[in-house]
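Worksheet: the structure to be examined is printed underneath.
Just so it is clear, none of the values below were taken in a lab; they were calculated from the coordinates. Since the model is a prediction, treat every value here as computed from it, not as a measurement. Neighbour counts run over all protein chains shown; Cβ positions are idealised from the backbone, glycine included.
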Amino acid sequence: MANHEVENKMEKLISLAKRRGFVFQGSEIYGGLSGVWDLGPLGSILNENIKKYWTKKFVEDREEMYKISASILMPEKVWEASGHTESFTDPLVEDVETKKRYRADHVLEDAGVETFNMSIEEMGEKIDELELKSPDGNALGKPKVFNLLMETYLGAVDGSKDKAYLRGEITQGVQVNFKNVLDSMRPKLPFGIGQIGKAFRNEIVPGQFLFRVREFEQMELQYYIAPTKEEGERWYEFWKAFSMEWYKGLGIKEENLRFRQHEKDEMAHYAKEAWDIEYKTPFGWKEAWGIHHRGDWDLRRHQEYSGTSMQYIDGEGNKITPHIIETSGGLGRAMLFTLLDNYVEDEVDGNIRTVLALPRHLAPVTVAVFPLLKNKPELVEKAREVFTALKKEFGNVMFDDNGNIGKRYRRQDEIGTPYCVTVDFDSLEGNDVTVRNRDTAEQERVKIEDLISKLS
Ligand code: ATP
């Protein structure tokens, strides 16, 4: 894809997202906050629909699953145990003139240098050797290690405040509750604990719209298994394939998704095995989702740091520390990739139209109802009746009487509404309406009494 097309697609999407109430810049009237976005009315519904889809597939459809909702604030000790205070870092370089900050690995990768095996010192040497400059053309300083965790302080009195962190990943909220779930639910291995919630990372360079932000939601399953090689391999393969199927269910084309295995040096400090699902964005293949074999790292470390036993007692009374397969993805990235992949410009009746070809289970508005003319009370009344009945059944239904029908169709296409229903003069006599399909633009006459079953 040529560069201007790349910018075009992202720009068009960002503009549509704002214009139609999907995503707004955080605190925009104060100039915006970098790496922070707010969800508008339609974005909130899309976000909820993605969460519902995740919860259904990963938790509700299966017998061995539990879902929890842990707190965002966690004490420092948790992050020492999990290894994040030490290892949750990115290499940072500063433009010596402007003081703007960049990821040293990204600066090198942009210059075609592979950085997987590099220490921070080696990155500095390579930047010097290649005389790499900042995007503003200035020299770069020595790379430094930068921790992504966001700190905060709890308590009323200065000086005696306790340091805490906004969680950098939602995983630890599950791990610290492992014992509570064991004691309260008495699950048998293998079993899973799922969670959806916010995470915070002080990203050095947020960017690409929802792709890299400082506050985001994650959807994660921690799957606890017997600590054997066979169980590890079996469940790793299972969750890897399952996660890919789930991602395709966002309506994303198969050719735009792939697996990529992490190089040894790229793996997180806890990982025994790690693969990403990547999506082909207009700015290259990028991580969408991660499937990690975490081994016994989390439970062992929390047992050590908290002094609480994290062991599971099996049927024979043996105490074991389960292993964990994690499948984890960002909600904002899922939304961005869903929007990008389903953004289509096609031609209908000689006009270019923009369509979000969202799958029905994700579309923020399931069906829109129009009276043909807004100044004919009998049409409006009938359309209102149809609207009320459909709203009761489907929830997210929109009423629109503004402008000509063609324009109303375009507005619904642009937000991904699968069906539009028009009430016209024939409806008054025949008790039927026109149902128009977003994807084919075909229209069909349907009796009002059959409408709900037809749309279901
Ligand atoms: P990246 O390499 O892109 O920084 P990561 O490997 O650090 O991501 P994980 O720690 O595996 O990411 O987090 C799991 C998921 O959370 C990622 O696959 C991604 O979907 C999402 N995620 C991580 N960081 C961000 C971010 N800054 N903004 C939005 N989503 C994110």
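Test of understanding: extend the Cα→C-beta vector of Phe283 to 7 Å, then name every residue of segment 199-214 with backbone N under 11 Å from that spot. Only 205-213 pass the distance filter. Once the chain from Lys248 to Lys188 is taken as fully extended at 0.36 nm per residue, the excess over their C-alpha distance is 18.6 nm.
Does segment 365-455 come out rounded, prolate or oblate, given a ≥ b ≥ c as the square roots of the eigenvalues of its C-alpha gyration tensor, rounded meaning a/c under 1.5 and, failing that, prolate meaning a/b above b/c? Note, shape of segment 365-455 comes out rounded. In the structure shown, the pairs Lys9/Lys52; Lys51/Lys447; Lys56/Lys454; Lys51/Lys319; Lys12/Lys52; Lys12/Lys142 are assessed against 32 Å; a Cα-Cα span above that value is assigned to Lys51/Lys447; Lys51/Lys319; Lys12/Lys142. Put simply, the convex hull of the Cα atoms in the chain casts, on average, a shadow of 27.9 nm².
Here the Karplus curve 6.51 cos²θ - 1.76 cosθ + 1.60, taken at θ = phi - 60°, turns the phi angles of segment 242-250 into couplings of 4, 5, 5, 4, 4, 5, 5, x, 7 Hz, with x standing for Gly and Pro. Multiplying the residue separation of Ser119 and Ser87 by 0.36 nm and removing their Cα-Cα distance gives an extension gain of 10.2 nm. Sites listed here are trypsin sites (Lys or Arg not before Pro) in segment 361-405 whose DSSP assignment is loop and whose Cβ has at most 14 other Cβ atoms within 10 Å: Lys374.
Evaluating 6.51 cos²θ - 1.76 cosθ + 1.60 at θ = phi - 60° for every residue in segment 105-110, the Karplus couplings come out as 5, 5, 4, 5, 4, 4 Hz, glycine and proline recorded as x. Shape summary: segment 306-358 maps onto an equivalent ellipsoid whose semi-axes, from the alpha-carbon gyration tensor, are 54, 12, 6 Å in decreasing order.
Here Ile29, Ile127, Ile72 are placed in order of increasing Cβ neighbour count within 10 Å, fewest first, which gives Ile29, Ile72, Ile127. Asn437 label point, 7 Å along Cα→Cβ, cut-off 18 Å on backbone N: hits in segment 325-354? Inside the label zone: 346-349. Per-residue ellipticity at 222 nm computed for the chain from its helices equals -10000 deg cm²/dmol, with DSSP H segments shorter than 4 residues left out and the rest contributing -39,500 (n - 2.57).
Against the main long axis of the alpha-carbon atoms of the chain, helix 331-342 sits at an angle near 50°.
Computed on the chain, with alpha-carbon pairs under 8 angstrom and 6+ residues apart, the relative contact order is 13 percent. Summarising the amide proton neighbourhood of Val23: residues at separation of 5 or more, or on other chains, whose placed amide H is nearer than 5 Å comprise Lys18, Gly40. Only beta bridges with both residues in the chain are counted; by DSSP, about 85 percent of them are antiparallel. In degrees from 0 to 90, rounded to the nearest 10, what is the angle of the helix 405-415 Cα long axis to the longest principal axis of the chain? Between the helix axis and the principal axis of the chain, the angle is about 10 degrees. Enclosing the Cα atoms of segment 55-214 in their convex hull gives a volume equal to 183 cubic angstrom per residue.
The loop-placed trypsin sites (Lys or Arg not before Pro) in segment 214-288, going by DSSP, that have at most 15 neighbouring Cβ atoms within 10 Å of their Cβ come out as Lys253. The longest stretch of the chain left intact once loop-based GluC sites (Glu not before Pro) with at most 15 other Cβ atoms within 10 Å are removed from consideration, loops following DSSP, is 132-262.
Between Asn404 and Asp450, the contour length at 0.36 nm per residue exceeds the alpha carbon distance by 14.0 nm.
On the basis of the beta-carbon distance and an R0 of 25 Å, Glu11 and Ala241 show a calculated FRET efficiency of 0.10. Here each label is just a point 7 Å from Cα along the line to Cβ, and for Asn138 and Asn180 those points are 4.7 nm apart. Shape class for segment 151-230: oblate, because the ratio a/c of the largest to smallest gyration tensor axis (alpha-carbon atoms, square roots of eigenvalues) is 1.5 or more and b/c is at least a/b.
Using a cutoff of 8 angstrom between alpha carbon atoms and counting only pairs six or more residues apart, the relative contact order for segment 334-412 works out to 26 percent.
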